[in-house]
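Here the structure is laid out as structure tokens; the discussion comes afterwards.
No lab work stands behind these numbers, since they all come straight from the coordinates. The structure presented is a predicted model; accordingly, all values stated were derived computationally and were not measured. In this analysis, Cβ positions are derived from the backbone assuming ideal geometry, glycine residues included, and neighbour counts consider all displayed protein chains.
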């Protein structure tokens, strides 16, 4: 039962957020799936630029909580482009037992309530 590594969890979270952006009519100008490279999405909607930072958060950590000082630099960078900045924390857990790691051959549950503006 291969456990998903940090990059695989990150990609999973990005797929969830990317699908939502797509469904809401955002146009992707840039996508960065590398860990520790921010933002993950630079998207355009209604002629307005949006920077979206995505984080995969494993149970029991709170996907809605984020460190404002970490996002301060990204927000300042976005301001140079007159862009709005958003945080999207995607909570992930093994569906059979929240205490077990998430693996590629088992179902998982998602705790995601959308992105929030910073």
C-alpha long axis of helix 6-23 to longest principal axis of the chain, angle in °: 50
The chain: antiparallel DSSP beta bridges as a percent of all, rounded to 5: 65
Angle between the chain longest axis and helix 68-80 axis [Cα atoms, degrees, rounded to 10]: 40
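By its C-alpha gyration tensor, with a ≥ b ≥ c as the square roots of the eigenvalues, how is region 1-80 shaped: rounded for a/c under 1.5, else prolate for a/b larger than b/c, else oblate?
Here region 1-80 falls in the oblate category.
Taking the beta-carbon count within 10 Å as an exposure proxy, list 17, 31 from fewest neighbours to most.
On the way: 17 23, 31 14.
Ranked by crowding around the Cβ, least crowded first: 31, 17.
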Pairwise centroid distance, computed over Cα atoms, of region 84-113 with region 12-82, Å: 17
